Structure formats: C-alpha cells, structure tokens
Amino acid sequence: MTTTTNQQGRPDQRTRADGSQPLVRAVNVTKSFHGNEVLKGIDLTVHRGEVVVLLGPSGSGKTTFLRCINQLETIDGGRIWVDGDLMGYREDEKGHLHHLTDKQVSAQRRDIGMVFQRFNLFPHKTALENVMEAPMQVKGVSKAKARARGLELLERVGLADKPKAYPGALSGGQQQRVAIARALAMDPKLMLFDEPTSALDPELVGEVLRVMRDLAEAGMTMIVVTHEMGFAREVADHVVFMDAGVVCEEGTARDVISNPQQERTRSFLRRMR
Ligand code: ADP
C-alpha cells in the first residue's frame, strides 16, 4: 500500500495501489455543539465495497460523525467527499466554500441510506408501504415498480411473508429489517448503520446482523457503528476506534480488536467483554 497525501496535504495510509478513488473521504472534520467540540479533526477513508466498523465508548462522537457524512449535521471544519462530491458545499476556484442549497443537499443525501437504532418506520403504513414510500415520493417511481421492488427487498431481508404487516405487529428485529429494506429501496451507494441492533432483545440481534452480512457480501459499502465485536471481527474490512472526538487507532479487525496498540483501545475492549 502506498502513502500519498490527500486533499489537504495530510498523509493518507489507505490509498489503494490501483489509485482508485475512495467512495468516502473525510478530512479533518470538526464539529461542536454549543462550544463543546465533539469531533476534533476526524479523517476517514472508505473504499468501494468496504465495510468499516466504528467502535468507541459512548459519547466519543460516532453518531455525530455518521450524521455529518449524510448531512443530518453540518460540519464546522474539514471536508467530506462521497463518490467525489464535496458534501454540503461547493468549492470555488479560490478554495472558498459555499453552502449548497437545501435542494442540492437533498439530492446528495438521496444516495446514502441510513439505519438508526430506533427503526423510525411509519406506524400507519404496512411494511411494504414503508419500503415503497421514498422511491415514489422522492424519485417519482411508479406505484407498480415501487411495489415490485419493495416485495423483492422484503424477500431479501427475509420478510417475504410480511408485506401487509404494520410495524406494531412486527418484532424489533423484523422492524429493523424493514428499515434496512426501506433504505435499500433508494439504491444507495453507501449505507450508514448507527447501532442498528442495540435497541433489540438479544435473541433478535442475529437476524439483523445476518441481513447486514449478506449486504456486505453483495458488495455494499457500509459504515457501521456497533458494539457487536463478532460482527466487527468477521465482517469489517477496516475498524476505526474513536475516543473523545478523535480517531485513536485504526486498521484491520485483527490489528485493532485482537492486537490493539493504544491503551485507550485496550481499556475499551476490556469493558466490552
Ligand atoms: P457516540 O455516538 O459515540 O455515543 P455522539 O456522537 O452521540 O457519541 O455524542 C458525542 C457528544 O456530542 C456527546 O457528548 C453528546 O452529548 C454530544 N451531542 C450529540 N448531539 C448533540 C446535539 N444535537 N446537541 C448537543 N450535544 C450533542
């Protein structure tokens, strides 16, 4: 692997030998809430088809960082590119940044699927209607097409028999799988998962992780915030350990989880056991 410098001259250890552009590149991202700096200069590179797992103690800034990637939060400093697009801004010839319009931001966000800890399904819509909604409303897909694709996606997440079920009649694991199908319905190039199994009863965690693993095997690029170490070990191509708003340590799962170099990583992993 060669070392090059990224857009702001910082060293980047994760450039691919074939020179291909990463799908996600974050450089020196900062974010504060009311003077409290939550992200203190985060760099992240995610290649196409990679699964990156973000680990770290509660409050370290993982959720905020995910929300910055898909612009549920605006960043204070640094830059984030997804598929070569500078998120949220246009850069002029002099290097000055200009906010994109809401419409332009929405267009960027359309290509990024997000799955939350709480499933946020529409309670008054069936599983299938939940999956059909965004393609019809946002992309103007016909009802027939949205329906056919919705059924296909429900089958993919193991819910072929539940198109007519309302969220209230589904288990947490089933609701989360509907939420994954709903995100996939927009054909995202990137999927963000924010602790997707942490609100679930333990016996329902496996079925959601299984769907995520299938997605990874099918080549989806994913950034996953999770405390599921087994998933991180088996599925992650790259593991990033965050603490107090900085990336403390990163590498393969074997590097970070099995052979951590930093005391902060070790102490976190001890607490996870
Ligand atoms: P993690 O996902 O690692 O648990 P978060 O990104 O959720 O961490 O939170 C990092 C810090 O930012 C926490 O101290 C949290 O209280 C704070 N924070 C997150 N969102 C907001 C917000 N909207 N307003 C104020 N503080 C926030």
The condition of being more than 16 Å from the ligand (Cβ to nearest atom) and more than 23 Å from the chain's Cα centre (by Cα) holds, among Asp214, Asp187, Asp161, Asp201, only for Asp161
Among the residues of region 158-209, write down those that are closer than 18 Å to Asn130 by Cα and of a type in the set (Gly, Ala, Ser).
-> Gly158, Ala160, Ala165, Gly168, Ala169, Ser171, Gly172, Gly173, Ala179, Ala181, Ala183, Ala185
Has region 255-268 got any residue that is free of Cβ contacts under 8 Å to residues at least 40 places away in the same chain and either of a type in the set (Phe, Trp, Tyr) or closer than 19 Å to Arg16 by Cβ (or both)?
-> yes
Please work out if Thr74 is in contact with a helix residue (DSSP H, G or I) (Cβ under 8 Å, 6 or more places away or on another chain), within 13 Å of the ligand (Cβ to nearest atom) and of a type in the set (Ser, Thr, Tyr).
-> yes
List every residue pair whose Cβ atoms sit under 8 Å apart, with the two residues 6 or more apart in sequence or on different chains, where the first one lies in region 119-141 and is crowded, with 21+ Cβ neighbours inside 10 Å and the second, anywhere, is among the charged types (D, E, K, R) and not in a helix (DSSP H, G or I).
-> Ala127/Lys162; Ala127/Lys164; Leu128/Lys164
Failed condition for Asp194, given (1) within 16 Å of the ligand (Cβ to nearest atom); (2) touching a Leu at 6+ places or on another chain (Cβ under 8 Å); (3) closer than 19 Å to Ala127 by Cβ, with all others met?
-> (3)
From the list Leu209, Leu153, pick out the single residue that is closer than 30 Å to Ala232 by Cβ, in a helix (DSSP H, G or I) and open to solvent by 20 Å² or more (accessible area, probe 1.4 Å).
-> Leu209
Identify the residue in region 91-118 that is touching a residue at least 12 places away in the same chain (Cβ under 8 Å) and among the charged types (D, E, K, R) and, among all such residues, is most open to solvent (accessible area, probe 1.4 Å).
-> Arg118
Starting from residues that are of a type in the set (Gly, Ala, Ser) and over 21 Å from Gly59 (Cβ atoms), keep the ones in region 246-272 and report whichever is surrounded by the most Cβ atoms within 10 Å (Cβ to Cβ).
-> Ala253
Of those in region 10-40 that are within 20 Å of the chain's Cα centre (by Cα) and within 15 Å of the ligand (Cβ to nearest atom), the residue most open to solvent (accessible area, probe 1.4 Å) is Lys40
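The values are calculated or read from the model by the stated rules, or taken from the named source; none is laboratory data. Remember, predicted model here, so these are calculated numbers, not experimental data. Methodologically, a virtual Cβ is constructed for each residue, glycine included, from the backbone with ideal geometry; neighbour enumeration extends over all protein chains shown. The area values use the complete protein model at the heavy-atom level, side chains included, leaving out ligands, DNA and RNA. Shrake-Rupley method; radii C 1.70, N 1.55, O 1.52, S 1.80 Å.
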